[in-house]
Amino acid sequence: MVEPKVNIIIVTYNDRQNLEVCLRSLFNQSYQNYDITISDNGSKDHSLEFVKENFPEVRFIENGSNFGYSEGNNIGVRATDGDYVAVVNNDVEFDRNWLKSLIEVIRVDERIGAVTSKILFFDDREKINCLGNTVHFTGLVFCRKIGESSSEYSEVLEVPATSGAAFVISRKVINQYGFLDNNFGNLFGDDYWMSMEDTDLSWRLRLAGYKIMAVPASVIYHKYDLKFTPDKLYYLECGRYLWVLKNYSFSTILLLLPSFFLTEMVVWTFACLRGWAYLKLKFRSYVWLLSKRRVIRQRRKEQQAIRIISDKTMLRQTVQKIEPNPLIPRSKIFKLALNAVNLSYVVLFKTAYFFLGRKI
């Protein structure tokens with residue numbers, strides 16, 4: 001059987017220090033029919049010279065300016081024409097069978113919209129960084145199975161959302177359900193600078209009836225940064241608002257309003273504990289939201305037009321509780337507070353879910 005062509009897209013911005021490990025492991029893949037395109041957002045660290053000298057087979061697109069992670073990937077997608085697109089971070093190392101394992105799964109079932117890898121910590125290769133992503137029903141996103149043993153997961157399984165660090169999607173799906181711009185299929189919506197674009201894409205595919213699968217045989221090692229900067233908070237909050245307003249029906253949004261207010265309280269508390277820089281950018285996310293009213297209305301219209309799955313069914317793919325993660329202090333008082341918040345979420349979710357009706 002002929003191997004389908006895969007275009008591997010890597011977005012870079014002053015990431016020369018990661019490229020050697022990343023590219024050498026890509027050129028050691030057991031799967032053979034692929035090419036590599038780097039979409040560079042105006043690096044000043046001589047990444048271009050390094051790649052040309054050491055990896056001349058790699059196609060290097062000079063964007064000139066920093067267009068962000070989402071548009072950087074879109075540029076790479078538009079410049080290629082293979083059967084599948086693999087989106088990967090540059091701060092990773094790939095197992096030899098990484099790509100082969102993903103293609104073996106996605107090519108046998110047309111209802112699979114995307115496949116993602118088992119992502120392990122670069123410096124602790126027996127521990128999971130994420131196995132897909134978990135989505136809270138108010139739009140918070142968590143690394144699924146973070147910190148758990150890699151050996152516990154070996155079977156292909158359905159997950160709520162893919163991780164943007166490494167996933168494969170077919171060109172056919174991009175062209176049919178991606179975001180349109182000048183008659184070319186875009187992978188990500190251009191409203192996402194970075195963060196939440198992978199979750200938004202996953203939900204778009206799910207609304208259209210596709211599944212997202214995690215493939216534990218496909219392994220990468222990720223130099224995951226646990227630092228949670230003010231900018232990261234800002235982009236996550238902007239992405240969360242956009243995700244909620246695009247994906248839920250108006251009736252669902254109304255039913256979930258108490259839960260959204262609770263999440264606002266949780267995020268504001270987090271920002272207060274982190275300091276003024278976080279508070280300032282949390283407030284700025286509201287400014288962004290107001291400035292994007294017209295765009296959000298248009299994006300919502302586009303998203304709802306492809307829907308064949310109800311909100312009630314989609315909500316089954318979400319979690320009701322904030323999962324323990326490295327950002328939450330481990331003190332007893334925080335544990336008690338988290339338990340109280342999660343109890344409130346469960347009650348609010350079940351109430352809203354009941355009133356959504358029983359028809360699926």
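The values are calculated or read from the model by the stated rules, or taken from the named source; none is laboratory data. These figures come from a predicted structure and were not determined experimentally. Positions of Cβ are generated from backbone atoms using ideal geometry, with glycine treated the same way; all protein chains shown enter the neighbour counts.
Does at least one position in the stretch 293-301 carry a residue that is farther than 29 Å from Tyr210 by Cβ and in a helix (DSSP H, G or I)? Break it down stepwise before answering.
Keep residues of the stretch 293-301 that are farther than 29 Å from Tyr210 by Cβ, which gives 293.
Those still in the list that are in a helix (DSSP H, G or I) too: 293.
Yes.
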Can you confirm whether the stretch 256-268 contains a residue that is β-branched (Val, Ile, Thr), exposed (fewer than 15 other Cβ atoms within 10 Å of the Cβ) and outside the structural domain of Arg144 (by TED's automatic domain parsing)?
-> no
What residue, of Glu302, Glu237, is acidic (Asp, Glu), farther than 29 Å from Gly147 by Cβ and either touching a strand residue (DSSP E or B) at 6+ places or on another chain (Cβ under 9 Å) or in contact (Cβ under 8 Å) with a residue 12 or more places away in the chain (or both)?
-> Glu302
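Limited to the stretch 136-154, what total is found for residues that are among the small types (Gly, Ala, Ser) and in a helix (DSSP H, G or I)?
Residues meeting the conditions: 2.
Just name the residue that is farthest from Phe122 (Cα to Cα) out of those in the stretch 41-59 that are touching a helix residue (DSSP H, G or I) at 6+ places or on another chain (Cβ under 6 Å) and crowded, with 20+ Cβ neighbours inside 10 Å.
Asn41
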Unmet criterion (only one of (1) under 30 Å from Val21 (Cβ atoms); (2) over 18 Å from the mean Cα position of the chain (by Cα)) for Pro216 | (2)
Test: residue in the stretch 302-310 that is surrounded by 14 or more Cβ atoms within 10 Å (Cβ to Cβ), hydrophobic (A, V, I, L, M, F, W, C), at pLDDT 90 or above and on the phi < 0 side of the Ramachandran plot = yes
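Can Phe167 be described as within 16 Å of the chain's Cα centre (by Cα), closer than 29 Å to Pro4 by Cα and of a type in the set (Phe, Trp, Tyr)? Reasoning before the result, please.
Numbers: within 16 Å of the chain's Cα centre (by Cα): yes; closer than 29 Å to Pro4 by Cα: yes; of a type in the set (Phe, Trp, Tyr): yes.
Yes: the conditions hold for Phe167.
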Please specify each residue of the stretch 4-23 satisfying the condition of being crowded, with 19+ Cβ neighbours inside 10 Å, in contact with a helix residue (DSSP H, G or I) (Cβ under 9 Å, 6 or more places away or on another chain) and either farther than 14 Å from Glu57 by Cα or touching a residue at least 60 places away in the same chain (Cβ under 8 Å) (or both).
-> Val6, Asn7, Ile8, Ile9, Ile10, Val11, Thr12, Tyr13, Asp15, Leu19
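Mind listing just one residue for me: the one in the stretch 271-281 that is surrounded by 15 or more Cβ atoms within 10 Å (Cβ to Cβ) and in contact (Cβ under 8 Å) with a residue 12 or more places away in the chain and, of those, nearest to Asn342 (Cα to Cα)? Steps first, answer last, please.
Just the residues of the stretch 271-281 that are surrounded by 15 or more Cβ atoms within 10 Å (Cβ to Cβ), to begin with: 271, 274, 278-279, 281.
Now narrow it down to the ones that are in contact (Cβ under 8 Å) with a residue 12 or more places away in the chain: 271, 274, 278, 281.
Working: Ala271: 19, Arg274: 21, Tyr278: 23, Leu281: 25 Å.
Looking at residues that are surrounded by 15 or more Cβ atoms within 10 Å (Cβ to Cβ) and in contact (Cβ under 8 Å) with a residue 12 or more places away in the chain, I get Ala271.
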Which one of the conditions (1) over 28 Å from Gly42 (Cα atoms); (2) crowded, with 20+ Cβ neighbours inside 10 Å does Val77 fail to meet, given that it meets all the rest?
-> (1)
Within the stretch 155-174, residues more than 21 Å from Lys223 (Cβ to Cβ), touching a strand residue (DSSP E or B) at 6+ places or on another chain (Cβ under 8 Å) and not in a strand (DSSP E or B) come out as Glu155, Val156, Val159, Pro160, Arg171, Val173, Ile174
Is it the case that some residue within the stretch 220-233 is surrounded by 15 or more Cβ atoms within 10 Å (Cβ to Cβ), out of contact with any Gly (no Cβ under 6 Å at 6 or more places or on another chain), among the aromatic types (Phe, Trp, Tyr) and in a strand (DSSP E or B)?
-> yes
Right, Leu348: surrounded by 15 or more Cβ atoms within 10 Å (Cβ to Cβ), touching a residue at least 60 places away in the same chain (Cβ under 8 Å) and of a type outside the set (Val, Ile, Thr) or not?
-> yes
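Considering Asn325, Asn342, which residue is touching a Phe, Trp or Tyr at 6+ places or on another chain (Cβ under 7 Å) and either more than 24 Å from Tyr235 (Cα to Cα) or surrounded by 12 or more Cβ atoms within 10 Å (Cβ to Cβ) (or both)? Give the steps one after another, and end with the answer.
On the way: Asn342 fails: touching a Phe, Trp or Tyr at 6+ places or on another chain (Cβ under 7 Å).
One residue alone meets the criteria, Asn325.
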Out of curiosity, is Ile128 touching a Lys or Arg at 6+ places or on another chain (Cβ under 6 Å), free of Cβ contacts under 8 Å to residues at least 60 places away in the same chain and either basic (Lys, Arg) or in the same structural domain as Met213 (by TED's automatic domain parsing) (or both)?
-> yes
Which of (1) touching a helix residue (DSSP H, G or I) at 6+ places or on another chain (Cβ under 6 Å); (2) within 21 Å of Leu140 (Cβ to Cβ); (3) part of a loop (DSSP other than H, G, I, E, B) is the odd one out, the single condition Arg307 does not satisfy?
-> (2)
